[in-house]
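Q: One structure, pasted below without further comment.
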Amino acid sequence: MPFYLKELDIVPRVAGLGSVLIVPCRFCPAASLAVRKKKPYIELFRKFLKTEAYESFIQALKRRLKGEGIKTAVFDSKLPHHFVACMWTSGRRRKLAKCAAEFEGVVVLGCEATVEIVRDAIRSTDCRVIEGMENEGIMSVLPTVSFPFNISLEVQGITSVIKKESKE
């Protein structure tokens, strides 16, 4: 059951920064955007394991930040076992720290666990951690498959969660 996340307006939070690294988890945020936009979660033969609604969101975020004069990059991987940030290996976390050292801030697109993993991984850098999404609950979803192997998610319900204070 993925978390149901909503996007936050991060532009005010990145004010004054010249560069940010966007660190996306590819599970809960992608599922949330696919559900909200009523688009497939996976289009295996078209996008492989990337979710079009999420990729569009990331590209729009990059364009918006670029319009604010902020240099951006996305911490990405082609390997499926790197898609779920809360299960990153220690090697993946070290790679994040090395990459983040070149930026002033890191925008995390994921749940609170992802934010804490990123915060811990980049502790040795001077990067500021900015939460890019907020948890609204846990989705109970029913996956459906359509031709040619597209997987969509139908929300059966959302269970709210208790929100904690942000560490920003």
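The values are calculated or read from the model by the stated rules, or taken from the named source; none is laboratory data. For clarity, every value in this text was computed on a predicted model and none was experimentally measured. Because the Cβ atoms are built from the backbone with ideal geometry, glycine has one as well, and the counts that use them run over all protein chains shown.
Q: When residues of the stretch 49-63 are filtered for being free of Cβ contacts under 8 Å to residues at least 40 places away in the same chain and either assigned to a helix (DSSP H, G or I) or not aliphatic (A, V, I, L, M) (or both), how many remain?
A: 10
Q: Right, another one. What single numbered condition from (1) modelled with pLDDT of 80 or more; (2) within 19 Å of the chain's Cα centre (by Cα) fails to hold for residue 152?
A: Against the list (1) modelled with pLDDT of 80 or more; (2) within 19 Å of the chain's Cα centre (by Cα), residue 152 comes up short only on (1).
Q: Within the stretch 3-19, does at least one residue satisfy the condition of being out of contact with any helix residue (DSSP H, G or I) (no Cβ under 7 Å at 6 or more places or on another chain), part of a loop (DSSP other than H, G, I, E, B), at positive phi and modelled with pLDDT of 90 or more?
A: Scanning the stretch 3-19 turns up at least one residue that is out of contact with any helix residue (DSSP H, G or I) (no Cβ under 7 Å at 6 or more places or on another chain), part of a loop (DSSP other than H, G, I, E, B), at positive phi and modelled with pLDDT of 90 or more.
Q: Among the residues of the stretch 96-129, what is the count of those that are touching a residue at least 12 places away in the same chain (Cβ under 8 Å) and in a helix (DSSP H, G or I)?
A: So the answer is 13.
Q: While we're here: Give 142, 96 a once-over and let me know the one that is out of contact with any Ser or Thr (no Cβ under 7 Å at 6 or more places or on another chain) and modelled with pLDDT under 90.
A: 142
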